[in-house]
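S.K.: Dropping a structure here in structure tokens format, bear with me for questions.
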Amino acid sequence: MATPVTTTIHTSKATDMFDDFLVRAILAGIGVSLAAAPLGCFVVWRRMAYFGDATAHAAILGVAFSLAFGISIFVGTLAVALAMAITVTTLAGRGYAMDTLLGVLAHSALAFGLVAVSLQHGIRIDPMSYLFGDILAVSKSDLVVIWIGVIGVILLVIWRWQGLLTSTLNPDLAYASGIDPKREQLVLTIGLAVVVAVAIKVVGALLIGALLVIPAASARAVTKSPEAMAVGAAIIGAASACGGLWMSYTMDTPAGPSIVCVAAVFFAASNLVARIALTR
Amino acid sequence: MPVLSGASNVRLVTVKDVSVKLGGHQALNNVSMSIDKGEIVTIVGPNGSGKSTLLRCVIGAVKPEIGTVLKAANLKIGYVPQSLAIDPTLPLTAGRFLSLPHRRPSKAVADALRQAGAEDIADRPMSGLSGGQFQRVLLARALMDKPDLLILDEPTTGLDQPGSADFYTQIEQVRRETGAAVLMVSHELHVVMSASDRVVCLNGHVCCHGSPEIVASAPEYRALFGTGTHGALALYRHEHDHHHHDGDACDHDHSHLESH
């Protein structure tokens, strides 16, 4: 009598754990996708894909700082991503050649970050988990941080939506309506830094840019308003997260890259659908 | 000729001794001007003379280094930019564009489009509009706030001659209907001369200003526009020597074309 009971408890515990890490991963993936979607739309509309990359790559430097000073990875990456984003925005306003500047800053930050991480003696960390993410290792407290960040970003974007959209179309239109486009740019910068900080564990620094751009670009082909595009990007992003995790689970592929692969398939599919609809 | 009697002295914007440096280049040098309620003021000047910079000072996009831009309390400005490059990745219908930055009921959107002469295109994507329709949608958006002052930066760039003539007629009509003052930059001297209450001739500094007649006869203005103005001047005199009806408009366009 006692033996089967023990077995049952043991099995259910194992099932719980198993359920838990996958559920946690799915919740983390969906959360990050929801926050990345509207910001990704602005990244696409403003042609600042490189900007997202630069911010994300700088996050590795943030990881190194966090380990060195014993602060939370989230705080460290957030601080460095924010610093990077503000630096880029400021320099852009002074007429530097943007793509060159971003190329220098993004890759330097990544390289310095990787070197700094390798210099941390006594701490065993695998830089791979920050480059490609470690979504299956998301803890309950990670999940709390991720979702607080996600909800914060979504509320921020909804609150500033009209001003952001006007400034994106034309800064002078914004000025004439009493909106400061520089302030809206700062809102976007802060939102991006938060998304980078919460997404580094989910898809990793190298693929955050993909999570920003690919769902938004996929939604563009099948939508007719900015709002529809943002919602579409959120749906496609969340579906990519679920699909990628399923792929990772069934085929034993790395989770972060799998999510991006599924998103890329969505991009191809939505563009194909739009083409077919157009020729009819 | 001021349209609004009694109200015509209300000052909307005063630009006083404004100097602006852009990227090391002195774009504006000690510029002063003003706009009163209901009048049409046109800024003319060669390329790089600071026309757009002056407009951008008035809307607040450029902060003057020296000098001040004073605006009447609660002044509502409708701004029509010179061009608006909408990224093809941004899906935007004309109606949605008019709801920026404030959400509008669809009736208000339809009304503004009608007033700007672009009826029934609220559901069309901005990318699918013709040049003339696009400019009218920009004008309609500027009208959404019921502005006291309409600011237009070369609003007919990219339009052909009839299209541009139509557009100026539309602006004149909007001014009549709404009583809004108009501050615009234009290259089309014959339109400027016939439709403005006052003209400011700019070349970094204010060369001359006043009624179109005064400006057209000013030596500074002639020095700037040289032979190119002869046709426009002749046309301008012609327009003002004779009262003309709609039917005469063709002759104007024709004679203008010949003068080039």
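S.K.: Being within 17 Å of residue A:128 (Cα to Cα), in contact (Cβ under 8 Å) with a residue 12 or more places away in the chain and over 15 Å from the mean Cα position of the chain (by Cα) is the filter here; which residues of the range A:49-72 pass it?
M.R.: Within the range A:49-72, A:61, A:62, A:63, A:64, A:65, A:67 qualify.
S.K.: Among (1) touching a Leu at 6+ places or on another chain (Cβ under 7 Å); (2) open to solvent by 40 Å² or more (accessible area, probe 1.4 Å); (3) not in a helix (DSSP H, G or I), there is one condition residue A:120 misses while meeting the rest; what is its number?
M.R.: (2)
S.K.: Does the range B:172-192 include one or more residues that are more than 12 Å from the chain's Cα centre (by Cα) and under 18 Å from residue B:44 (Cα atoms)?
M.R.: Yes, the range B:172-192 contains at least one residue that is more than 12 Å from the chain's Cα centre (by Cα) and under 18 Å from residue B:44 (Cα atoms).
S.K.: Filter the range A:174-186 down to the residues that are facing chain B (nearest Cβ under 7 Å) and polar (S, T, N, Q) and list them by number.
M.R.: A:177 - this is the single residue of the range A:174-186 that is facing chain B (nearest Cβ under 7 Å) and polar (S, T, N, Q).
S.K.: Please state which one of B:34, B:99, B:83 is hydroxyl-bearing (Ser, Thr, Tyr) and in contact with a strand residue (DSSP E or B) (Cβ under 6 Å, 6 or more places away or on another chain).
M.R.: The match here is B:34.
S.K.: Which condition from (1) away from chain B (no Cβ under 11 Å); (2) touching a helix residue (DSSP H, G or I) at 6+ places or on another chain (Cβ under 7 Å) is the one that residue A:213 breaks?
M.R.: Every condition holds for residue A:213 apart from (1).
S.K.: Moving to a separate point now. Residues of the range A:133-158 being part of a loop (DSSP other than H, G, I, E, B) and surrounded by fewer than 18 Cβ atoms within 10 Å (Cβ to Cβ), which ones?
M.R.: A:139
S.K.: Hey, can you tell me all the residues within the range B:132-190 that are open to solvent by 40 Å² or more (accessible area, probe 1.4 Å), within 24 Å of residue B:14 (Cα to Cα) and either within 13 Å of chain A (Cβ to nearest Cβ) or outside any loop (DSSP other than H, G, I, E, B) (or both)?
M.R.: B:145, B:148, B:172, B:176, B:178
S.K.: In addition: Please indicate, with yes or no, whether at least one residue in the range A:166-179 is over 25 Å from residue B:83 (Cβ atoms) and surrounded by 24 or more Cβ atoms within 10 Å (Cβ to Cβ).
M.R.: Checked the range A:166-179: no residue is over 25 Å from residue B:83 (Cβ atoms) and surrounded by 24 or more Cβ atoms within 10 Å (Cβ to Cβ).
S.K.: May I pose another question? Could you check how many residues of the range A:159-173 are at the interface with chain B (Cβ under 7 Å from one of its Cβ atoms), in a helix (DSSP H, G or I) and out of contact with any His (no Cβ under 8 Å at 6 or more places or on another chain)?
M.R.: Of the residues in the range A:159-173, 7 are at the interface with chain B (Cβ under 7 Å from one of its Cβ atoms), in a helix (DSSP H, G or I) and out of contact with any His (no Cβ under 8 Å at 6 or more places or on another chain).
S.K.: Another question, if that's okay. So if I check each of B:111, B:123, which one is acidic (Asp, Glu), at negative phi, within 14 Å of chain A (Cβ to nearest Cβ) and out of contact with any Pro (no Cβ under 8 Å at 6 or more places or on another chain)?
M.R.: B:123
S.K.: Restricting to the range A:221-236, count the residues that are buried (at least 19 other Cβ atoms within 10 Å of the Cβ) and touching a Gly at 6+ places or on another chain (Cβ under 8 Å).
M.R.: 2
S.K.: I need the helices (runs of 4 or more DSSP H) fully contained in the range B:8-127, keeping only those with at least 1 residues that are of a type in the set (Phe, Trp, Tyr) and either in contact (Cβ under 8 Å) with a residue 12 or more places away in the chain or not assigned by TED's automatic domain parsing to the domain that holds residue B:186 (or both).
M.R.: B:94-98
S.K.: I'm checking my understanding of the structure. Among residues of the range B:194-213 that are more than 20 Å from residue B:160 (Cβ to Cβ) and in contact with a Phe, Trp or Tyr (Cβ under 9 Å, 6 or more places away or on another chain), which one is surrounded by the most Cβ atoms within 10 Å (Cβ to Cβ)?
M.R.: Once the filter is applied, the top-ranked residue is B:199.
Table: residues versus (1) out of contact with any Lys or Arg (no Cβ under 7 Å at 6 or more places or on another chain); (2) without any contact (Cβ under 8 Å) to a residue 12 or more places away in the chain.
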| residue | (1), (2) |
| --- | --- |
| A:105 | yes, no |
| A:120 | yes, no |
| A:172 | no, yes |
| A:184 | no, no |
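S.K.: Taking the options B:100, B:90, B:84, name whichever one is touching a Phe, Trp or Tyr at 6+ places or on another chain (Cβ under 6 Å), facing chain A (nearest Cβ under 7 Å) and not acidic (Asp, Glu).
M.R.: Selected residue: B:90, the only one of B:100, B:90, B:84 that is touching a Phe, Trp or Tyr at 6+ places or on another chain (Cβ under 6 Å), facing chain A (nearest Cβ under 7 Å) and not acidic (Asp, Glu).
The rows are residues; the columns are (1) touching a helix residue (DSSP H, G or I) at 6+ places or on another chain (Cβ under 9 Å); (2) open to solvent by 30 Å² or more (accessible area, probe 1.4 Å); (3) over 30 Å from residue B:53 (Cβ atoms).
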position: A:160; (1), (2), (3): yes, yes, no
position: A:189; (1), (2), (3): yes, no, no
position: A:192; (1), (2), (3): yes, no, yes
position: A:219; (1), (2), (3): yes, no, yes
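The values are calculated or read from the model by the stated rules, or taken from the named source; none is laboratory data. Values in this document were obtained by computation on a predicted structure and should not be read as measured data. For neighbour counting, all protein chains shown are included, and Cβ atoms are generated from backbone atoms with ideal geometry for every residue, glycine included. Side chains are part of the model used for accessible areas, which takes the heavy atoms of the whole protein and leaves out ligands, DNA and RNA. Shrake-Rupley method; radii C 1.70, N 1.55, O 1.52, S 1.80 Å.
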